[in-house]
Structure formats: structure tokens, C-alpha cells
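Throughout, read-outs are computed from the coordinates displayed, never taken from laboratory work. Owing to the predicted nature of the structure, the values given are computational and were not obtained by experimental measurement. Heads up, the Cβs are rebuilt from the backbone with ideal geometry, glycines too, and the neighbour counts pull from every protein chain shown.
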Amino acid sequence: MSSIEKIELDGYTVATVKTSSSVYQFSSLEGIADELEKGFIILWQHHGVFAGEIENKQITWLYENNEGPKVYDKDQEEHVLRVRAFDENKEYHIWRSSQGLKARLRDDTAGEETRQYVETSMVLRGVIAKPLKTLEKYNNNKTLFIKTRNYIHYNEIGQAGYVDSRFVRID
């Protein structure tokens, strides 16, 4: 493994981090909000994809239509396809498989294994289709990006490849 500390080039960051990945026992979105305290959440369901902010252990959805069904109802968890709840240090990733909901926690504050990663941004919102009624700070016609971190691993013959990725923040 090379001794890369941090390189910034054309919008990409390449650096080294101590990280760990473990199986996580998912119980509810509220449970994740309690553990994360402050960060962001992206929720994929059969009827849509929703983004939210976690602050003071509470989830505030960036857009919620008060006349329609709630964004998330813990009594209808069968509609959950994927969840990514994250902050600068960790991500809870939950996904639906044929065996039900599976989950993992990627934590960049602890771990024995040092991994290189590439950090970049992907567009979350390029054009506003609907105002984000709930959180005014996102209603400025500015493009929103999800900062992603993609972890690199080398196999036994030295070939590099991505082995995991996580969301870091919304800019």
C-alpha cells in the first residue's frame, strides 16, 4: 500500500483512511437517527426516493407532501428498498434482498484496516422540480451534490479496484 496522505485533483480527492465495515442490525429509521444524531438520509421506496436531514436525532424530510402519504411509515416497512444514512464519519447502508432487509455500518473513525479512497461528488439535484418546502436553506436554486467515498483495495497480484463506497455529505 502506498503512503498517500491526501491529493486533490480536478474535483477528486484521493486519500488514506482507517476504516471498518460491519454487519448492522437494522430496527428502524428512528434508531439510526438516534445513533447518527446529525447527518443526512436518502430513502428509496417503491413510490419514490426521498432525502432528509438528521439533526438532534430527528429526521426532517427535504420534501414532504402534507396532503399525500407520509414519506416513511414504520408500519409499512415492506416499501423500503434502500436507505443510506450518513455523516462525515460513518454510513448506515440498508438494502432489501430476497432474505429481507440487510444492513452494514461503514465507520471511518476506527478499524485496523487502512484503505485508500477516492472522493468525488454526484449531482443530487440539478434543477428544482418542486420547492423543498420543509428546509428553506436548500431552496436557493443551487445544485446539490452528494459527496461519495469509494474505497480501493489491492488483490494478491497488485490490481486495484473499488470494494465499497459510501455517502459522506450533501453539499
Listed by chain and number, the aspartates and glutamates with an alpha carbon less than 12 angstrom from that of K74, same-chain partners under 8 positions apart left out, are E30
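Taking K and R as +1 and D and E as -1, what net charge do the other residues with C-beta under 15 Å from the C-beta of S98 add up to?
Numbers: positive: R82, R96, K102; negative: E78.
Overall, the nearby charge balance is +2.
Students often get this wrong, so check it: of K102/K147; K18/K147; K6/K57; K18/K70, which have C-alpha atoms separated by over 30 Å? Working shown, then result.
Details: K102/K147 23 Å; K18/K147 18 Å; K6/K57 32 Å; K18/K70 38 Å.
Cα-Cα > 30 Å for K6/K57; K18/K70; rest within.
Less than 15 Å Cβ to Cβ from R149, Lys/Arg counted +1 and Asp/Glu -1: what total charge do the surrounding residues give?
Numbers: positive: K6, K18, R84, K90, R104, R106, R115, K147, R166, R169; negative: E8, D87, E88, E91, D107, D108, E113, E119, D164, D171.
Residues near R149 contribute 0 overall.
Does the range 42-107 classify as rounded, prolate or oblate by the C-alpha gyration tensor (a ≥ b ≥ c root eigenvalues; a/c under 1.5 gives rounded; else a/b over b/c gives prolate, otherwise oblate)? Please list the in-between numbers first.
Values: a/c = 2.29, a/b = 1.12, b/c = 2.05.
Because a/c hits 1.5 or more and a/b fails to exceed b/c, the range 42-107 counts as oblate.
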In the range 6-170, if every C-alpha pair distance is counted and binned at 5 Å from zero, what percent goes to each bin?
2, 8, 15, 20, 19, 16, 11, 6, 3, 1, 0, 0
The ³J(HN,Hα) series, computed from each phi in the range 15-30 with the Karplus coefficients 6.51, -1.76 and 1.60 at θ = phi - 60°, rounded to the nearest Hz and given as x for glycine or proline, is 8, 10, 9, 8, 9, 9, 10, 9, 5, 10, 8, 6, 10, 6, 5, 4
Estimated vicinal HN-Hα couplings, Hz - the range 116-123 in sequence order (Karplus 6.51, -1.76, 1.60; Gly, Pro = x):
7, 9, 10, 10, 8, 10, 10, 6
